[in-house]
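What follows is one structure encoded as structure tokens, with my remarks underneath.
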Amino acid sequence: MYKNVPTEIKKIKLNSDLYNLHKNGTGKSNFGMDSTSELLDGGFGLYSTADLKKNIGPIKTEYFRISLTRKGKASFDIGLEKYQPHRNCILFGIPGQIFSLHNISNDFLAYYMLFTEDFASDAFIKLNKKQHFPFLTYSGLQCFELDDDTANEIESIIFKMNEEIKKNKSECSEVIRLYIQLILTHANRNYGAILLSNYGTSHTLQNLFNSYLKLVSQHFLSVRKVADYAEMLYVSPDHLNRAIKSCSDKTAHELIDEMVLIEAKTYLLHSSLTISEIAYKLEFADPSHFNRFFKKLCDQTPLDFRRKS
């Protein structure tokens, strides 16, 4: 049953329709593309948080994201990982991830750019592919704080991007690609020191916790047992459970369930699949099992959630 369901979660692409998903459309900001749904070469957009919607997602995105926070704070969820960037924090997103934004403070100010892999392909080739940058992979830390000099330098590059777009000079796209390379290089210089500072050696409980979150975000559809993740991480299930409990208010198994729930909500919001089809997509034995699972965690049925949303 439902082994070849044709419809998947709607993957949000970088096109003119995206503008209405993240902007209210009532602001008067002249920065970047804040007041237009147009994109540079159909693959790059530069924005500030002026006129930003208070809640976005969960959505499964098909583009890259780089944002630099300068003031205030907000909550970003990427898969199971939750970030609250503050001043000088830079955050990255990669295609295929489930993304949410909420709890935006009234003084929140950030600059962000969205771009497709096709747009930045030349930059990635010149920089030895995106694998050169751990923050552009599932295994890397995707949000971290920059030192003042680096944050200020990246902000100045963003302002240069804005000036280039406004003047619309010849070879504008090529210049923007060079600026993306420069931002990635500056961020990479900070990355190693920040990682060591935050997480110490590879054997700390915090690092084990973060590695677990990343593995669950990648493998939750096919791997549902804590013991299997413990084996991937070369630790015992008991040690993994202790690490998870010491770093969160949830058990290792509850975090797997949370990732399944995030995926379920994304299907309910961004696909035309029936509840039964979603249940089988998420590897539940039958729809009734999925309904009980969803109601236990959300205090409402999947159908009620879809109707209310």
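The values are calculated or read from the model by the stated rules, or taken from the named source; none is laboratory data. Please read these numbers as outputs of a predicted model, since none were measured by experiment. In this analysis, Cβ positions are derived from the backbone assuming ideal geometry, glycine residues included, and neighbour counts consider all displayed protein chains.
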For region 266-280 the number of residues that are touching a helix residue (DSSP H, G or I) at 6+ places or on another chain (Cβ under 7 Å) and of a type outside the set (V, I, T) is 5
When region 272-289 is checked residue by residue, the ones that are farther than 27 Å from S211 by Cβ and surrounded by fewer than 19 Cβ atoms within 10 Å (Cβ to Cβ) are S272, T274, I275, S276, E277, Y280, A285, D286, P287, S288, H289
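Under the condition of being in a loop (DSSP other than H, G, I, E, B) and surrounded by 18 or more Cβ atoms within 10 Å (Cβ to Cβ), which residue from region 19-34 is farthest from the chain's Cα centre (by Cα)? Break it down into steps so the answer makes sense when it comes.
Taking region 19-34 as the starting set, the residues that turn out to be in a loop (DSSP other than H, G, I, E, B) are 24-34.
Checking the rest, the ones that are also surrounded by 18 or more Cβ atoms within 10 Å (Cβ to Cβ) come to 31-34.
Details: F31: 23, G32: 22, M33: 21, D34: 20 Å.
Selected residue: F31.
Given the options E81, E62, name the one that is within 20 Å of E145 (Cα to Cα) and surrounded by fewer than 19 Cβ atoms within 10 Å (Cβ to Cβ). Walk me through it before giving the result.
Numbers: E62 fails: within 20 Å of E145 (Cα to Cα).
The match here is E81.
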Checked N188, N168 against criteria (in contact with a His (Cβ under 9 Å, 6 or more places away or on another chain), modelled with pLDDT under 90 and surrounded by fewer than 16 Cβ atoms within 10 Å (Cβ to Cβ)); the one match is N188
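Answer yes or no: is there a residue in region 41-49 that is surrounded by 15 or more Cβ atoms within 10 Å (Cβ to Cβ), assigned to a loop (DSSP other than H, G, I, E, B) and modelled with pLDDT of 90 or more.
From region 41-49, those surrounded by 15 or more Cβ atoms within 10 Å (Cβ to Cβ) are 43-49; that's our starting set.
Keeping just the survivors that are assigned to a loop (DSSP other than H, G, I, E, B) gives 43, 49.
Subset that is modelled with pLDDT of 90 or more: 43, 49.
Checking region 41-49: at least one residue is surrounded by 15 or more Cβ atoms within 10 Å (Cβ to Cβ), assigned to a loop (DSSP other than H, G, I, E, B) and modelled with pLDDT of 90 or more.
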**Prompt:** Is it fair to say E164 is under 25 Å from Q84 (Cβ atoms), touching a helix residue (DSSP H, G or I) at 6+ places or on another chain (Cβ under 8 Å), of a type outside the set (V, I, T) and assigned to a helix (DSSP H, G or I)?
**Reply:** no
Flagged in region 235-270 as crowded, with 19+ Cβ neighbours inside 10 Å and small (G, A, S), in numbering order, are A243, A252, A264
Considering residues that are farther than 16 Å from F220 by Cβ and among the hydrophobic types (A, V, I, L, M, F, W, C), the number found within region 75-91 is 4
inquiry  = Please determine whether any residue of region 257-265 is farther than 21 Å from I78 by Cβ and in contact (Cβ under 8 Å) with a residue 12 or more places away in the chain.
reply    = no
When every residue in region 50-72 that is among the hydroxyl-bearing types (S, T, Y) and in a strand (DSSP E or B) is compared, the one farthest from I165 (Cα to Cα) is T61
